[in-house]
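Peer 1: Have a look at the structure that comes next, please.
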Amino acid sequence: MTPTAVAGLILLIGIIALISSSVPIAIAIGVPTVIAAIAVMAPDVAAMSIAQRMFTGVNSFSLLAIPFFILAGVLMNSGGIAARLIDAAKVLVGRMPASMAQTNIVANAMFGAVSGAAVAAASAIGTIMQPRMEKEGYSKSYAAAVNIASAPSGMLIPPSNTFIVYSLVSSTSIAALFMAGVGPGLLWVVACLVVALIMFRKENVRREVEHPGLKLTLVTLWRAVPSLFMIFLVIGGIILGWFTATESSAIAVVYCLVLGFIYRNLKVKDLPKILVTATETTSVVMLLVAVSSGLSWVMAFARIPTLITDLLLGITDSKTGILIIIMVILLIVGTFMDPTPAILIFVPIFLPIVTDLGVDPVHFGAMVVMNLSVGVITPPVGNVLFVGSKVAGLRIEPVVAKLWPFMIGIILTLFVVVFVPQISLWLPTVAGLV
């Protein structure tokens, strides 16, 4: 058996077996990586090389944006921003059928857009909206499904930590990727709005929320402006060249800190807990980046990407066929692996294939991030699914029963994004980023 085959089998069997055994994902990736490296080179060389690659993987100025954006998200979650965004969403869609469900979806999009964190959105918005929706007569499982399905839209609408990770492995402009995520993110929101409206007919809703007058509408929107302004501050500053993505993340932290104190929902005594929470999340992400960098190097050394490329091209040389195969593989991968390690592992394999077929790397980034975002709401390891179910006080089974129509709508939207490149590329092109 060739070294490539040996390394490939060790990685495939090892990672699947460890993940299936509920071993933490970083360990599930790291242990097979070391064993595979030892199988194709001397043990001392393998240990030294992997250690160097792990350090190099996290030694990146661009990656500094991740801990700052994570901290900004935690500050938003504690600073009273969620309630103001929900009120703004309510006056925007309050006259629509299923207005409470639509409010949840739009609020999640807004919160995700300013925080970039799907789990934080599901927790912050769900905690407020779940009891409100139940009071209006919505079933607990439907309310939870609406919240869970719409939370990942913030992973696409900038700023997005997932796009920063993709930028790291693809050498693609972060600003271009941020702009490319707007179209797919809005389509995700529209898909959720449509499905929620269709499913609403089966809900025994006693009454809808009262419609606010013009004065209350303007006041409510005005109260949400400072929170939403962060989107324009961060993204506008990057596009206009005022600061880099990393610098914008630091500015976002300062802005959220000041806003939290102004809203009086944030106190100095809360800061240690907030910093610890952000540090814990950052540590997990950075460890994943480190071990995945080692894995990518081992695969490249063993020429596994070349083997996979030859295998795919042996199945079909059709651009459409290969894109469908890649998207299906990533949908499956996303059900048991978080987006960050999945991007670090699979993008170096698939990106050379699709670029040879004429696919723009920025467009491919939007495809990959949207695809893997589906995984965070699907069992068995979807973290947003578990957080949203916990917020609703439900097991995941009744939630999934209401969630699958949303999944179908989102996946159909994904393939629209895959085969209509301008959805992703129009804004970056207009902004002169691609």
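Peer 1: Please compute the length gained on full extension between Leu357 and Leu12, using 0.36 nm multiplied by the number of residues separating them and subtracting their Cα-Cα distance.
Peer 2: That works out to 121.5 nm of additional length.
Peer 1: What length, rounded to one decimal in nm, is gained on full extension from Arg395 through to Ser22, with 0.36 nm per residue of separation minus their alpha-carbon distance?
Peer 2: Working: separation 373, 0.36 × 373 = 134.28 nm, distance 1.88 nm.
Gain in length upon complete extension: 132.4 nm.
Peer 1: Report relative contact order for segment 276-434 in percent, whole number only (criteria: Cα-Cα under 8 Å, sequence separation at least 6). Working shown, then result.
Peer 2: On the way: 115 pairs, mean separation 35.1, N = 159.
Worked out over segment 276-434, it gives 22 percent.
Peer 1: Then there's this: Just the number, please: carbon plus sulfur as a percent of the accessible area of the chain, 1.4 Å probe, no ligands or DNA/RNA counted. Show your work: numbers first, answer last.
Peer 2: Working: 12640 of 18180 Å².
Of the solvent-accessible surface of the chain, carbon and sulfur hold 70 percent.
Peer 1: How far, in nm, would the chain grow between Leu313 and Phe232 when pulled straight, counting 0.36 nm per residue and subtracting the alpha carbon separation? Show your work: numbers first, answer last.
Peer 2: Numbers: separation 81, 0.36 × 81 = 29.16 nm, distance 4.28 nm.
Here the answer is 24.9 nm.
Peer 1: Go from 0 up to the bin containing the longest alpha carbon distance in segment 320-401, width 5 Å each, and give me the % of pairs per bin.
Peer 2: Bins of 5 Å from zero give 3, 15, 24, 20, 14, 10, 7, 5, 2, 0 percent of pairs.
Peer 1: With a 10 Å radius around each residue's Cβ, average the other Cβ atoms per peptide and rank 235-248, 337-350, highest first.
Peer 2: Values: 235-248: 17.5, 337-350: 23.0.
For the peptides 235-248, 337-350, the packing ranking is 337-350, 235-248.
Peer 1: Sticking with this one: Run the count for the chain, please: Lys pairs, Cα-Cα under 25 angstrom, 8 or more apart or on different chains.
Peer 2: 16
Peer 1: Restricted to Cα positions, what overall size does segment 107-175 have along the principal axes? Three whole-Å values, descending.
Peer 2: Principal axes ranked by extent give 49, 17, 13 Å for the Cα atoms.
Peer 1: Compare the peptides 84-90, 417-423 by average per-residue count of other Cβ atoms within 10 angstrom and give them in order, highest first. Before the final figure, lay out the partial values.
Peer 2: Working: 84-90: 23.7, 417-423: 17.1.
Top to bottom by mean Cβ count within 10 Å: 84-90, 417-423.
Peer 1: Here is a further query. Any idea how far the Cα center of segment 132-172 sits from the one of segment 270-293, in Å?
Peer 2: When both Cα centres are located, 20 Å separates them.
Peer 1: For Arg223 and Thr4, FRET efficiency with R0 = 56 Å and r from the beta-carbon atoms, rounded to 0.05? Spell out each step's value before the answer.
Peer 2: On the way: r = 59 Å, r/R0 = 1.06.
E(calc), rounded to 0.05, equals 0.40.
Peer 1: Further, regarding this structure: Report, to two decimal places, the Cα Rg of the chain normalised by 2.2 N^0.38 Å (N = number of residues).
Peer 2: Normalised Rg, Cα atoms only: 0.98.
Peer 1: Along Cα→Cβ, 7 Å out, is where each label goes; now give me the distance between the ones at Asn265 and Thr127 in nm to one decimal.
Peer 2: 0.9
Peer 1: Please give the net charge around Phe261, taking every other residue with its beta carbon less than 11 angstrom from that of Phe261, where Lys and Arg add +1 and Asp and Glu add -1.
Peer 2: On the way: positive: Arg264, Lys267; negative: Asp270.
Neighbourhood net charge equals +1.
Peer 1: Further, regarding this structure: One-quarter of the Cα convex hull surface for segment 272-412, in nm²? Walk me through the numbers on the way to the answer.
Peer 2: Details: hull surface 41.4 nm².
In nm², the orientation-averaged hull projection of segment 272-412 is 10.3.
Peer 1: Determine the relative contact order of the chain: mean sequence separation of Cα pairs under 8 Å and six or more apart, normalised by residue count, in whole percent.
Peer 2: With pairs under 8 Å counted, the relative contact order is 25 percent.
Peer 1: A follow-up question, please. Enter the mean projected area of the convex hull around the alpha-carbon atoms of segment 236-329, in nm², rounded to one decimal.
Peer 2: Details: hull surface 42.4 nm².
In nm², the orientation-averaged hull projection of segment 236-329 is 10.6.
Peer 1: Could I ask something else about it? State, in angstrom, two size descriptors of segment 1-106 derived from its alpha carbons: Rg to one decimal place and Dmax to the nearest whole number.
Peer 2: 23.2, 68
Peer 1: What is the packing order of peptides 157-164, 262-269, taking the mean over residues of other C-beta atoms within 10 Å and listing the highest first?
Peer 2: On the way: 157-164: 26.4, 262-269: 12.4.
Listed from highest to lowest mean packing, they are 157-164, 262-269.
Peer 1: Specify the inter-centroid distance of segment 374-430 and segment 317-364, based on alpha-carbon positions, in whole Å.
Peer 2: 17
Peer 1: A follow-up question, please. What list of ³J(HN,Hα) values in whole Hz, one per residue of segment 97-103 in order, does the Karplus curve 6.51 cos²θ - 1.76 cosθ + 1.60 (θ = phi - 60°) give from phi, with Gly and Pro shown as x?
Peer 2: Once rounded to whole Hz, the list reads x, 6, 4, 5, 5, 5, 4.
The values are calculated or read from the model by the stated rules, or taken from the named source; none is laboratory data. Please read these numbers as outputs of a predicted model, since none were measured by experiment. Reconstructed Cβ throughout: ideal geometry from the backbone, glycine too, with neighbour counts over all protein chains shown. Heavy atoms of the whole protein, side chains included, go into the accessibility calculation; ligands, DNA and RNA do not. Shrake-Rupley method; radii C 1.70, N 1.55, O 1.52, S 1.80 Å.
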